[in-house]
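Please treat every number below as a calculation from the coordinates, not as lab data. Nothing here was measured: the structure is a model prediction, and the numbers come from that model. Because the Cβ atoms are built from the backbone with ideal geometry, glycine has one as well, and the counts that use them run over all protein chains shown.
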Amino acid sequence: MQSMSDLTLGDLDREGAIREAVELVSGDTRAAFLSKAVVGGGALLAAFAAPVAAEAAATSDVAILNYALTLEYLQAAFYTETERLDAVRGKLARVPRQLGAVERAHVDAIKAALGGAAVKRPAFNFRGVTESQSKFLKTAVAFEDLAAAAYKAQAARIKSPALLAAAISIHSVEARHAAWMRFLAGVTPAAAAFDEGKPVSEVRAIVASTHFIVARPKKSAKKRPKYTG
Amino acid sequence: MPDDRRLEVFSSSGADCRGSSRAEFVARAVLAGGTLAAGGALVASLPRLAVSAPSPAQDQKILNFALQLEYIEAAFYGEAFAKGKLSGDLLEFVSTVRGHERAHVALLKKVLGRNARKQPKFDFGETTSVPKKFTAAAIALEETVIAAYNGQAANLTKETLAEAAKIVSVEARHAGWIRAIAGRNPAPDATDQPKTAAEIQADVNRTGFVRSS
């Protein structure tokens, strides 16, 4: 089993975000929801009455959702910036537009489920991959394959059946995206009969190797931080 | 003793004790074509999910349910490939995908052992020889299979779920692929709506492909 520390991705200031939220919590003791190991993920959810709390959300579920949220932030920012830079034109122009809309929707949905426990959006520098169609496609293939693999490895660890159903329904969309991007890039959309999951440590290493995540998120409640790069 | 009623999720009558609650809440909770409801959308209006408690016996029923679908796909793609009427992108697609579905069948049969259901008899009509009909049938089958696996995910034991996820991921790739070939949006929704066993069985029956059990 992955430890909680393994679930921090890049330089995210998850602890800071949670600390902020803890200050807002009333004294309500939903002790039953608290895990001994973690500061207060369960209490946060109970206090914010997020839908997740209705099922005594496990703190591990919170961590998994935050992990998924980080990957969705990454994808959403990537597609959003590509669209803004007008890097993909003609017939494929709809690709960053559509995938951006979907990944932004995933971000919004997971953030809503997490309430105050959601990690903040990191800052990104995409180092040129949002500036040309060929670089965009290659990166999109990598991101979508990675997202699908990440969800797969976490699926069996999710405790809430409702969250599992939601995660599973997002996972297959990421796999469709992966196949689509591969098709556009001219590589086989489905290379094997079974897709393997990738554990957190491997996903984290891959993301870190891109250097796309560049800074701790600001602790102030800035709703739409600028994308760097 | 487990409630026998829960084990009847896949009774021949097609009755599903969870009803459509799962499909409903996911459908309402997340994107349907582009707009997202405000606040708590991911698990909005969480119903009293009558999730069937996972168990090895239930895994077996679910896997046999999945096996029917994999049998259909494997036979469909196998027949289409054998008839030799597809070319270009469609030929590349069927050449690759038939191997995947055969592997899915093989795995499920191995896991189920002597409890594996037998392969039914099929009649695919012109869907295996007319490219346009093949494309439409392939899309329909892949969409059905994705919705089936997604619909049962929470009912599986964790070990089986981990393996099922590896299969549905590939089925989703198939769906994206064939839709892209067909010039259709490979991934029109932000989430893939799951379906109940009853809904899936109705979809299967509607195809008319299965001639006998």
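Here is how the numbers come out for the structure above:
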item: From phi via Karplus (6.51, -1.76, 1.60), per-residue ³J(HN,Hα) for the range A:198-207 in Hz, x at Gly/Pro; result: 10, x, 3, 4, 5, 4, 4, 5, 5, 4
item: Within 10 Å of each Cβ in A:142-154, the average number of Cβ atoms from other chains; result: 2
item: Stokes-Einstein D for the range B:54-212, Kirkwood Rh over Cα pairs, 4 °C, 1.567 mPa s (µm²/s); result: 82
item: Test item: A:107-118 mean partner chain Cβ contacts at 10 Å; result: 4
item: Between the range B:180-213 and the range B:83-111, the Cα center-to-center distance that results, in Å; result: 17
item: Peptide-level mean, for B:91-98, of C-beta atoms on other protein chains within 10 Å; result: 2
item: Proximal charge balance of residue A:170 [Cβ under 9 Å; K/R count +1, D/E count -1]; result: -3
item: Gyration tensor verdict on the range A:101-193 (Cα atoms; rounded if a/c is under 1.5, prolate if a/b is larger than b/c, oblate otherwise); result: oblate
item: Among A:93-105, A:171-183, the order from most to least packed when residues are scored by Cβ within 10 Å on average; result: A:171-183, A:93-105
item: Greater than 20 Å apart at Cα, pairs in B:110/B:158; A:159/B:158; B:61/B:118; A:138/B:132; B:110/B:166; result: A:138/B:132
item: Peptide ranges A:206-213, B:75-82 listed from the most packed, as the mean C-beta count within 10 angstrom indicates; result: B:75-82, A:206-213
item: Environment charge at residue B:109 (Cβ cut-off 12 Å; Lys +1, Arg +1, Asp -1, Glu -1); result: +4
item: Residue A:123 long-range amide H proximity, modeled H, under 5 Å; result: A:214, A:215
